[in-house]
Amino acid sequence: MESLDPTKYLGDFWAIVVSYYVIRWVRRFLETPTRIPDWDQWLKYVWLAGIPLVLADQFLGRTMTWFWAFICLAIVYTVWLIKDYRPARTLLSAIAPLAAVYVLTNAVRTVGFYAANKDYFEAAKGFAFIWLLTFVISARNQKKAISKQEEERSLVEARKAELEALVAERTAEIRSQKEVLQEALDELKTTQTQLIQSEKMASLGELTAGIAHEIQNPLNFVNNFSEVSVELIDELSQEQQKPVRDPELEAELLTDLRQNLQKITHHGHRAASIVRGMLQHSRTSTGQREPVDLNDLCDEYLRLAYHGLRAKDKSFNASFSTDLDTNLGLITAVPQDIGRVLLNLITNAFYAVQQRQKAAAVPTDKLAGTNSPPRADTRVGEGIYQPNVSVKTRCVDGQAQVTITDNGTGIPEELKARIFQPFFTTKPTGEGTGLGLSLAYDIVTKGHGGTLTVESKEGQGTTFVITLPA
Amino acid sequence: MKILVVDDETDVKDLFEQRFRREIRSGEFELAFANSGEDALTYLDGHPSEVVLILSDINMPGMSGFELLRHIRTDHNAPPPPIVMMITAYGDPDSQQQAVELGANDFLTKPLDFAVLKQKLRDVV
């Protein structure tokens with residue numbers, strides 16, 4: 001047993017203090033509290049192992065020489081646990097020679113070999129220490145480099161996140177804009193539907209008077225022929241009661257009666273067909289294609305359009321004629337839609353001749369030198385201007401062709417390109433929607449795969465030609 | 001008494017012939033028909049000074065009733081001038097006034113009341 005040596009204790013004490021700081025540095029350097037918190041709990045107190053070793057040294061001797069080997073092993077184990085971390089591996093390389101030298105020194109200290117080569121061992125210890133310092137510095141640099149990389153990476157990531165947030169923000173913005181646009185589009189579509197409907201109703205309004213006139217006539221016939229038939233029956237029964245009957249008169253009365261009933265049926269059907277046409281016109285188009293008699297449609301709408309205009313302008317008078325190809329046959333089309341096209345074009349034709357008639361009336365009045373309002377008789381001057389609208393149907397190259405010709409005001413060259421544009425109208429505000437021709441064009445071209453062309457000479461008249469595939 | 005009826009509706013002929021069957025049979029009235037203003041003028045040219053009374057529709061394609069009336073008053077007005085009655089579905093005062101200004105003797109609206117018409121015809125005779 002060795003006696004107590006205060007200087008030796010002081011050395012051991014310093015060794016413990018140094019080991020405390022070494023461990024503390026290692027823990028901080030390798031960030032063990034966050035990387036391996038479980039082992040860190042123990043690593044924190046490794047330096048305390050020095051205390052029992054110092055005490056044991058008293059009784060057993062030389063235990064304290066293993067202290068640094070123990071500390072080194074603890075560090076080696078720590079490094080091994082986090083070997084994926086590059087500075088940790090460098091630290092391992094740094095500490096390994098020193099640890100090896102210590103272990104070897106302690107292992108062979110008692111052997112004579114050590115004594116003989118003590119200088120070499122001491123030199124090896126010195127080299128190992130320098131090695132340690134070099135590698136510690138290298139590890140520190142590595143760590144700095146890594147942390148710098150990480151810093152850069154986190155910077156890049158932050159930038160990325162920022163960009164992503166920006167992108168998300170833009171995306172949301174675009175999406176909300178898209179929704180707004182979609183809403184506006186839906187609204188526009190609704191408006192379009194409403195406009196088409198109101199255009200339809202406007203043209204129906206123009207028709208009302210014509211329809212009333214067209215229905216009134218057949219109804220008058222129905223009423224009159226019914227009344228007359230009652231009279232005929234009265235006469236017939238009177239005749240039958242006479243003692244001397246006139247069989248010839250009776251036969252004549254019966255023939256008349258039969259004829260009257262046929263006329264009643266005829267005119268009844270006539271009125272019914274007008275009502276049917278009107279209902280068809282006002283109904284929302286089903287878009288259903290069916291066999292259509294273009295000749296019937298042309299005839300019907302020509303009359304309706306004429307009487308519609310007549311009802312509004314009592315002084316207006318025009319001749320109209322049809323030249324219908326009886327061999328035309330049926331075409332497959334949407335009757336309501338084609339009816340609207342015809343009505344629109346025919347109404348326009350009558351409007352054009354009406355305008356020209358009005359324009360022609362002005363100079364006549366001036367020549368006459370009267371201050372009284374223009375009268376019908378002076379407006380329709382003989383040989384001056386005879387308004388005329390004609391509708392012709394033909395079968396051309398297997399296609400149905402409808403030609404609507406008027407000798408009205410005509411369309412100025414510069415307006416020709418615009419007449420099919422929506423909302424373009426030359427009529428005074430409130431009189432035209434500007435949708436009629438645009439809709440007609442769409443119905444003929446898009447709806448039926450046909451063509452709608454116009455030829456016009458200002459001051460002479462206009463011709464619209466509709467071509468529809470059978 | 002010869003009456004010329006002008007209307008673009010062809011069935012007007014049958015209707016008038018039946019309505020006035022007794023008068024026609026008795027020879028009280030003689031009816032002639034024209035389907036347009038132009039036809040009426042042609043008829044008047046072919047039968048000068050025969051027609052005593054003309055019943056004309058106003059709304060006809062081509063030459064209107066007003067125009068026909070004007071022609072009658074200028075070209076077929078040899079005394080005694082024919083009596084002209086205008087008939088229209090549009091019984092507005094404007095048309096009525098116009099008819100009177102152009103020299104119509106009377107103005108009737110559709111649907112025609114044949115009892116009234118007969119009375120009027122008898123009154124003018």
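The values are calculated or read from the model by the stated rules, or taken from the named source; none is laboratory data. Everything numeric in this text was worked out from a predicted model, so none of it was measured. Here the Cβ positions follow ideal geometry from the backbone for every residue, glycine too, while neighbour counts run over all protein chains shown.
A:Gly210 is checked against (1) of a type outside the set (A, V, I, L, M); (2) surrounded by fewer than 19 Cβ atoms within 10 Å (Cβ to Cβ); (3) in a helix (DSSP H, G or I) and fails just one. What number does that condition carry?
It is condition (2) that A:Gly210 fails.
For region B:73-94, indicate whether the set of residues that are in contact with a helix residue (DSSP H, G or I) (Cβ under 8 Å, 6 or more places away or on another chain), of a type in the set (Lys, Arg), farther than 20 Å from A:Asn217 by Cβ and at pLDDT 90 or above is non-empty. Give the derivation first.
Filtering region B:73-94 for residues in contact with a helix residue (DSSP H, G or I) (Cβ under 8 Å, 6 or more places away or on another chain) gives B:75-76, B:81-90.
With the extra rule that they be of a type in the set (Lys, Arg), the set shrinks to none.
There is no residue in region B:73-94 that is in contact with a helix residue (DSSP H, G or I) (Cβ under 8 Å, 6 or more places away or on another chain), of a type in the set (Lys, Arg), farther than 20 Å from A:Asn217 by Cβ and at pLDDT 90 or above.
Can you tell me which condition A:Leu328 does not meet? The list is (1) within 19 Å of A:Leu452 (Cβ to Cβ); (2) part of a helix (DSSP H, G or I); (3) aliphatic (A, V, I, L, M), and all the others hold.
The failed condition is (2).
Which number in (1) over 15 Å from A:Val17 (Cα atoms); (2) surrounded by 13 or more Cβ atoms within 10 Å (Cβ to Cβ); (3) of a type in the set (A, V, I, L, M) marks the one condition that A:Val46 misses?
The one condition A:Val46 does not meet is (1).
Identify the residue in region A:191-234 that is over 58 Å from the mean Cα position of the chain (by Cα) and aliphatic (A, V, I, L, M) and, among all such residues, is nearest to the other protein chains (Cβ to nearest Cβ). Reasoning before the result, please.
Taking region A:191-234 as the starting set, the residues that turn out to be over 58 Å from the mean Cα position of the chain (by Cα) are A:223-234.
Filter once more, so that each one left must be aliphatic (A, V, I, L, M): A:228, A:230, A:232-233.
On the way: A:Val228: 5, A:Val230: 11, A:Leu232: 7, A:Ile233: 12 Å.
Looking at the filtered set, the residue picked out is A:Val228.
Modelled with pLDDT of 90 or more and under 39 Å from the mean Cα position of the chain (by Cα) - does that describe any residue in region A:381-391? Break it down into steps so the answer makes sense when it comes.
Of the residues in region A:381-391, the ones modelled with pLDDT of 90 or more are A:388-391.
Filter again for under 39 Å from the mean Cα position of the chain (by Cα), leaving none.
No; the residues of region A:381-391 include none that is modelled with pLDDT of 90 or more and under 39 Å from the mean Cα position of the chain (by Cα).
Among the residues of region A:331-365, what is the count of those that are farther than 27 Å from B:Phe66 by Cβ and either outside any helix (DSSP H, G or I) or within 14 Å of chain B (Cβ to nearest Cβ) (or both)?
The qualifying residues number 4.
Which condition number does A:Ala271 fail, the rest of (1) under 28 Å from A:Gln336 (Cα atoms); (2) within 11 Å of chain B (Cβ to nearest Cβ); (3) crowded, with 16+ Cβ neighbours inside 10 Å being met?
(2)
Is it the case that B:Ile58 is of a type in the set (A, V, I, L, M) and at pLDDT 90 or above? Full working, then the answer.
Details: of a type in the set (A, V, I, L, M): yes; at pLDDT 90 or above: no.
Spelling it out, it is not the case that B:Ile58 is of a type in the set (A, V, I, L, M) and at pLDDT 90 or above.
Looking only at region A:400-421, count how many residues are buried (at least 16 other Cβ atoms within 10 Å of the Cβ) and farther than 20 Å from A:Tyr301 by Cα. Break it down stepwise before answering.
Going residue by residue through region A:400-421, those that are buried (at least 16 other Cβ atoms within 10 Å of the Cβ) are A:400-411, A:419-420.
Those still in the list that are farther than 20 Å from A:Tyr301 by Cα too: A:409-411, A:419-420.
Residues in region A:400-421 being buried (at least 16 other Cβ atoms within 10 Å of the Cβ) and farther than 20 Å from A:Tyr301 by Cα: 5 in total.
Going by the structure shown, is A:Pro428 without any contact (Cβ under 8 Å) to a residue 60 or more places away in the chain, farther than 26 Å from A:Ala360 by Cα and part of a loop (DSSP other than H, G, I, E, B)? I'd like the intermediate steps shown before the answer.
Numbers: without any contact (Cβ under 8 Å) to a residue 60 or more places away in the chain: yes; farther than 26 Å from A:Ala360 by Cα: no; part of a loop (DSSP other than H, G, I, E, B): yes.
No: the conditions fail for A:Pro428.
B:Pro111 fails exactly one of the following numbered conditions: (1) more than 11 Å from the chain's Cα centre (by Cα); (2) closer than 15 Å to B:Met60 by Cβ. What is the number of that condition?
B:Pro111 satisfies all of (1) more than 11 Å from the chain's Cα centre (by Cα); (2) closer than 15 Å to B:Met60 by Cβ except (2).
Which one of these is among the hydroxyl-bearing types (Ser, Thr, Tyr), assigned to a helix (DSSP H, G or I) and either surrounded by 15 or more Cβ atoms within 10 Å (Cβ to Cβ) or modelled with pLDDT of 75 or more (or both): A:Thr105, A:Thr65?
On the way: A:Thr65 fails: either surrounded by 15 or more Cβ atoms within 10 Å (Cβ to Cβ) or modelled with pLDDT of 75 or more (or both).
Result: A:Thr105 is the single residue among A:Thr105, A:Thr65 that is among the hydroxyl-bearing types (Ser, Thr, Tyr), assigned to a helix (DSSP H, G or I) and either surrounded by 15 or more Cβ atoms within 10 Å (Cβ to Cβ) or modelled with pLDDT of 75 or more (or both).
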